[in-house]
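A.B. asks: Take a look at the following structure, please.
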Amino acid sequence: MRLPITRLAAAASFFAFAIGLSNVVWSQGSPAERVINASPYVINADEALGNYVRTTAEAAIGEHCAGCHGADLTGQPGVPNLIDYDWLWGVTGMETNDVAPVMAIQQTMLYGVRNRDCPEDQMSYGACSDTRYSEMPGYGQLGFTEDQVNDLVEWVVDLSGGEADAAAVERAQATSGICAECHGADSYGYVPYGGPGLRDDIWLYGGDRDTIYDVIYNGRLGECPPWADTLDAATIKSLAVYIWNTSLGL
């Protein structure tokens, strides 16, 4: 059934009015309100919003983030670089828009990594239910021998493109399958578990043999605090957009 031209024209006019009205209402909000409601695309296309995001994020970084991640967010041993487009949590690199990764970054900031500061009934697998959580177990404490750990060290060195003991790499095949659950079957990492890729030259704790041995033997459980009760929504959104844009070189 076709609508009469007059009804189509009326409907078009109504929608145009509604869109125009929403744009007026949106543009009249405070910068914080506009940032909260805007997509990354709108923020990047609006000079005033872009400046607000940049100023707000840089202030928050100086006060809250620089102590661990550095003023330039490039991290330090045990603390990830936030702007190198190598993501431990949430962002797969396969996204087709800017909205999903910005939301994923916000989740990490809101709820932290391995946060345990919540009531017992809100805990899941030993941590708060909304926090990012995984474990790098200490395999020395789980019964692996020093020889087995040394073989795994050579296996990791080989994966990352270094010169490794071929015999040790071969022996490590007997135990390296246990790594696949977090680091992926192909060792390129597994974002849902925060498992870093093992086939690149990006190291969270260090790529020398002694450090790799210590990580495998003793494990790691680094933490990032949740910021939901410290930073307001506009600051969280501004940080997420700023980190995402910077990782893209914008």
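Coordinate-derived values only; no laboratory data. Because the structure is predicted, anything quoted here is derived from the model rather than measured. With ideal geometry, Cβ positions are generated from the backbone for all residues, glycine too; neighbour counts draw on all protein chains shown.
A.B. asks: Run the numbers on the chain and let me know its relative contact order in percent, using alpha-carbon pairs under 8 Å that are six or more apart.
C.D. replies: On the way: 308 pairs, mean separation 64.9, N = 250.
Relative contact order of the chain: 26 percent.
A.B. asks: Quick check of the Kirkwood formula: for the stretch 68-114, what is the inverse mean of 1/r over all pairs of different Cα atoms, in Å? Working shown, then result.
C.D. replies: On the way: mean 1/r = 0.0867 Å⁻¹.
Taking the inverse mean of 1/r over all distinct Cα pairs, the stretch 68-114 comes out at 11.5 Å.
A.B. asks: Got the relative contact order for the stretch 146-218 handy, in percent, Cα pairs under 8 Å and 6 or more residues apart? Write out the running numbers ahead of the final one.
C.D. replies: Working: 82 pairs, mean separation 21.5, N = 73.
After rounding, I find 29 percent.
A.B. asks: What ranking do ILE83, ILE178 get, fewest neighbouring Cβ atoms within 10 angstrom at the top? Intermediate results must be reported in sequence, preceding the final value.
C.D. replies: Working: ILE83 19, ILE178 13.
The fewest-first ordering by Cβ neighbours comes to ILE178, ILE83.
A.B. asks: Now for a different question. Could you check the spin-label model distance between ALA174 and ASN51? Points 7 Å from the Cα along Cα→Cβ, value in nm.
C.D. replies: Between ALA174 and ASN51, the label points sit 6.7 nm apart.
A.B. asks: May I ask for the net charge around ALA45, where only other residues with Cβ less than 13 Å from the Cβ of ALA45 are counted and Lys, Arg are +1 while Asp, Glu are -1? Mind dumping the intermediate values first?
C.D. replies: Values: positive: ARG34; negative: ASP46, GLU47, ASP98.
Net local charge, ALA45 excluded: -2.
A.B. asks: Only loop residues by DSSP count here, and only those with at most 15 other Cβ atoms within 10 Å; note down the trypsin sites (Lys or Arg not before Pro) in the stretch 113-221 that meet that.
C.D. replies: Working: sites: ARG114, ARG116, ARG132, ARG171, ARG199, ARG209, ARG220; in loops: ARG114, ARG116, ARG199.
Taking the stretch 113-221 and a limit of 15 other Cβ atoms within 10 Å, the loop trypsin sites (Lys or Arg not before Pro) found are ARG116.
A.B. asks: Let me ask you something else. Consider the candidate values (1) -0.71, -0.80; (2) -0.97, -1.06; (3) -0.61, -0.72; state which one is log10 I(q)/I(0) by the Debye sum over Cα atoms at q = 0.11, 0.12 Å⁻¹ computed from the structure displayed.
C.D. replies: (1)
A.B. asks: THR145 to ALA166: extension gain in nm, 0.36 nm per residue of separation minus the Cα-Cα distance?
C.D. replies: Details: separation 21, 0.36 × 21 = 7.56 nm, distance 1.90 nm.
Extra length from THR145 to ALA166 when fully extended: 5.7 nm.
A.B. asks: Apply the Debye scattering formula to the stretch 146-218, with a single equal point scatterer on each alpha-carbon and no solvent, then give log10 I(q)/I(0) at q = 0.23 Å⁻¹.
C.D. replies: For the requested q values the scattering log ratios are -1.09.
A.B. asks: Between the alpha-carbon centers of the stretch 146-172 and the stretch 181-205, tell me the distance in whole angstrom.
C.D. replies: Going from one Cα centre to the other spans 16 Å.
A.B. asks: Moving to a separate point now. Between helix 209-218 and the chain, what is the angle of the helix's C-alpha long axis to the longest principal axis, kept within 0 to 90° and rounded to the nearest 10?
C.D. replies: Long axis of 209-218 versus the principal axis of the chain: about 80 degrees.
A.B. asks: Quick check: residue separation of CYS118 and GLU33 times 0.36 nm, minus the Cα distance between them. What number comes out in nm? Walk me through the intermediate numbers first.
C.D. replies: Numbers: separation 85, 0.36 × 85 = 30.60 nm, distance 2.89 nm.
Taking 0.36 nm per residue and subtracting the Cα distance, the gain is 27.7 nm.
A.B. asks: Could you calculate the FRET efficiency of GLU58 with THR211 from 1/(1 + (r/R0)^6), where r is the beta carbon distance between them and R0 is 35 Å, rounded to 0.05?
C.D. replies: Numbers: r = 32 Å, r/R0 = 0.91.
Efficiency for this residue pair is about 0.65.
A.B. asks: Using the alpha-carbon atoms, what tilt in degrees (0 to 90, nearest 10) does helix 5-27 show relative to the longest principal axis of the chain?
C.D. replies: It is inclined by approximately 60 degrees.
A.B. asks: Further, regarding this structure: Quick one: if you stick a label point 7 Å off each Cα along the C-beta vector at ALA185 and ASP232, how many nm between them?
C.D. replies: Computed distance between label sites ALA185 and ASP232 equals 4.9 nm.
A.B. asks: Now, a different point. Given H placed 1.01 Å from N in the peptide plane, which residues other than close sequence neighbours of GLY195 have an amide H under 5 Å from its amide H?
C.D. replies: Result for GLY195 returns TYR190.
A.B. asks: Moving on. Using alpha carbons only, how many degrees (0 to 90, rounded to 10) separate the axis of helix 47-60 from the longest principal axis of the chain?
C.D. replies: The angle comes out near 40 degrees.
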